[in-house]
Amino acid sequence: MSGTRSSWPVRLIKGFAMFWWDFLIGDTPELFVAALGIIGVVALLRIVLQWNGAAVVVLPLLCIGALTVSVRRAQGATRKK
Amino acid sequence: MFAGSVSSGVVILVVAVFLASCVEMVEALTIVLAVGHTRGWRSALEGSAVALVTLAVLVVVFGPAIVRVPTGTLHLVIGAILLIFGMQWLRKAILRSSGLKAMHDEDAIYQKLVSELKAAGTPVKRDRLAFVVAFKGVFLEGLEVVILVITLGTSDHRVLLASMSALVAVVMVGVVGVIVAKQLSKVPENAMKMSVGVLLVSYGSFWTGEGLKVHWPGSDAMLLVFAVLYAAVTWLLVAMIRRNETALAERLAP
């Protein structure tokens, strides 16, 4: 390392970006991707196809699915260790 | 800001912010107590106070500013953030309850920090290290609460109510923490984290749907339906993992 230190605005921006990265993605990128997927599917159902009933049912089911997949993924990773 | 009757949405908002603030405050208090006991109280309390003021300024500045964002976009962004954050909390709580992840041990964290701070040399009267460690501890733990206060508060136009709920939690944990001192490990942190996770995913689902123009049957009574549904799923996932792990352990046993 050269030991050069960034200016404080650069460090502030880097710190801010790192905070949001850790906050939203961190060690569970699958949940971030799942949330984007849920928004996409519900937008398709509600805004494009105008199926409100389907959107009401699908949104919580996709959340449950995302959570289950993430938990099972963690369980698998723990077993490998 | 307090307009309208007390709905399920308001109750869930107050409970979610209160419990989340309690959890984060316990974690922050562990750091402040470790700093205070090892390097003196003056700098530890100064660092904590400056952090709390900075957090309050963030709420005052960003709370009203975010309200100006168009409602549909605001609900969608807030819903997505709450959904991701809530699922992260819930996942962690499920893994801890089912034994796949170690419980958050405040005693161990306290002891580790104390030994690190002692190794850093003799404290001085105006201790920069104590100030910085206390400030960072309170600020970083509190930042999550600020995001919850702003997102939950602005989505329901109740920033003041959300702020008051967080403030009550901060004062309550602070007072109780000082009285019981090193018994913070007795706080049922994981159960609280699980409850907050359920409530945040419920809120996240609701506001994501609102942002996408979904008409929920029963309006915000749907929040309660979500809370019951996600609580049941959480219980099932914990039970399922425990059963799987027990079966695996029995198969591997000689």
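The values are calculated or read from the model by the stated rules, or taken from the named source; none is laboratory data. What you are looking at is a predicted structure, and each value in this text was computed from that prediction instead of being measured. Cβ: placed from backbone, ideal geometry, glycine included. Neighbour counts: every protein chain shown. All accessible areas refer to the heavy atoms of the entire protein, side chains included, with ligands and DNA or RNA removed. Shrake-Rupley method; radii C 1.70, N 1.55, O 1.52, S 1.80 Å.
Residue B:71 passes every criterion in (1) under 29 Å from residue B:221 (Cβ atoms); (2) surrounded by 16 or more Cβ atoms within 10 Å (Cβ to Cβ) apart from (2). Across the stretch B:199-254, the number of residues qualifying as of a type in the set (Gly, Ala, Ser) and on the phi > 0 side of the Ramachandran plot comes to 2. Condition first: modelled with pLDDT of 85 or more, farther than 30 Å from residue A:68 by Cβ and either surrounded by fewer than 22 Cβ atoms within 10 Å (Cβ to Cβ) or within 14 Å of another protein chain (Cβ to nearest Cβ) (or both). Can you find one or more residues in the stretch B:96-112 that meet it? Yes, because at least one residue in the stretch B:96-112 is modelled with pLDDT of 85 or more, farther than 30 Å from residue A:68 by Cβ and either surrounded by fewer than 22 Cβ atoms within 10 Å (Cβ to Cβ) or within 14 Å of another protein chain (Cβ to nearest Cβ) (or both). The residues listed here are B:228, B:175, B:238; of these, the one that is closer than 22 Å to residue B:13 by Cβ and either in a helix (DSSP H, G or I) or of a type in the set (Val, Ile, Thr) (or both) is B:228. If we keep just the residues of the stretch B:194-232 that are open to solvent by 20 Å² or more (accessible area, probe 1.4 Å) and closer than 18 Å to residue A:71 by Cβ, which is farthest from the other protein chains (Cβ to nearest Cβ)? Restricting to residues being open to solvent by 20 Å² or more (accessible area, probe 1.4 Å) and closer than 18 Å to residue A:71 by Cβ, the top hit is B:195.
Can you confirm whether residue B:121 is touching a residue at least 12 places away in the same chain (Cβ under 8 Å) and either more than 14 Å from chain A (Cβ to nearest Cβ) or not in a helix (DSSP H, G or I) (or both)? So residue B:121 fails the test.
The condition of being surrounded by fewer than 16 Cβ atoms within 10 Å (Cβ to Cβ), assigned to a helix (DSSP H, G or I) and either at pLDDT 90 or above or within 14 Å of chain A (Cβ to nearest Cβ) (or both) holds for residue B:168. Being closer than 19 Å to residue B:203 by Cα and in contact with a Leu (Cβ under 9 Å, 6 or more places away or on another chain), is that true of even one residue in the stretch B:46-54? Within the stretch B:46-54 (the criterion being closer than 19 Å to residue B:203 by Cα and in contact with a Leu (Cβ under 9 Å, 6 or more places away or on another chain)), the answer is no, since none of the residues qualifies.
With the requirement that a residue be in contact with a helix residue (DSSP H, G or I) (Cβ under 8 Å, 6 or more places away or on another chain), part of a helix (DSSP H, G or I) and more than 7 Å from chain B (Cβ to nearest Cβ), what does the stretch A:39-64 give you? A:41, A:45, A:54, A:58, A:62 - these are the residues of the stretch A:39-64 that are in contact with a helix residue (DSSP H, G or I) (Cβ under 8 Å, 6 or more places away or on another chain), part of a helix (DSSP H, G or I) and more than 7 Å from chain B (Cβ to nearest Cβ). Residues that are hydrophobic (A, V, I, L, M, F, W, C) and either at the interface with another protein chain (Cβ under 9 Å from one of its Cβ atoms) or surrounded by 19 or more Cβ atoms within 10 Å (Cβ to Cβ) (or both) within the stretch A:23-38 comprise A:23, A:24, A:25, A:31, A:32, A:34, A:35, A:36, A:38, listed in sequence order.
Annotation for the stretch B:80-87: no member residue is open to solvent by 10 Å² or more (accessible area, probe 1.4 Å) and more than 9 Å from chain A (Cβ to nearest Cβ).
Here are some residues: B:27, B:46. Which one is open to solvent by 10 Å² or more (accessible area, probe 1.4 Å), at pLDDT 90 or above and in a helix (DSSP H, G or I)? Only one candidate passes the filter, namely B:46.
Considered as a group, the residues in the stretch A:70-80 that are within 10 Å of another protein chain (Cβ to nearest Cβ) and open to solvent by 40 Å² or more (accessible area, probe 1.4 Å) include one that is farthest from the chain's Cα centre (by Cα), and that residue is A:79.
Between B:68, B:91, the distinction of being within 14 Å of chain A (Cβ to nearest Cβ) and charged (D, E, K, R) belongs to B:91 only.
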